[in-house]
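Here is the structure we will look at, set down as structure tokens.
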Amino acid sequence: MSPSREAVAKQTPKPASRRFGFFSDILGELKKVTWPSRRETANLTMIVVIVAVAVGLFLGLVDFGFAELMNWLLVR
């Protein structure tokens, strides 16, 4: 036998309480995070910058090589 409408209405949380529950869950999860120190953040940022520059240079060289190859093939 299925529950009555009143029983279902009492079990279903109201939209406002669901919103506040959502935000309290977010705050609870943020308290569990282990945040990096300032030094760790600086070191990891430098690694990201170095890798980004290296990948950019590599892709630029590959692009230049393909452009020169196409010029050589088409102009020849």
Name the one entry in 58, 22 that is at pLDDT below 95 and not small (Gly, Ala, Ser). 22
Cβ-Cβ under 7 Å pairs, at least 6 apart or on other chains, the stretch 32-55 side on the phi > 0 side of the Ramachandran plot and in contact (Cβ under 8 Å) with a residue 40 or more places away in the chain, far side among the aromatic types (Phe, Trp, Tyr) and surrounded by fewer than 10 Cβ atoms within 10 Å (Cβ to Cβ): none
Within the stretch 25-55, considering residues that are surrounded by 10 or more Cβ atoms within 10 Å (Cβ to Cβ) and among the charged types (D, E, K, R), the one modelled with the highest pLDDT: 40
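The values are calculated or read from the model by the stated rules, or taken from the named source; none is laboratory data. As the structure is a prediction and not an experimental result, all values here were calculated from the model. As a convention, Cβ positions derive from the backbone with ideal geometry for all residues, glycine included, and neighbour counts pool all protein chains shown.
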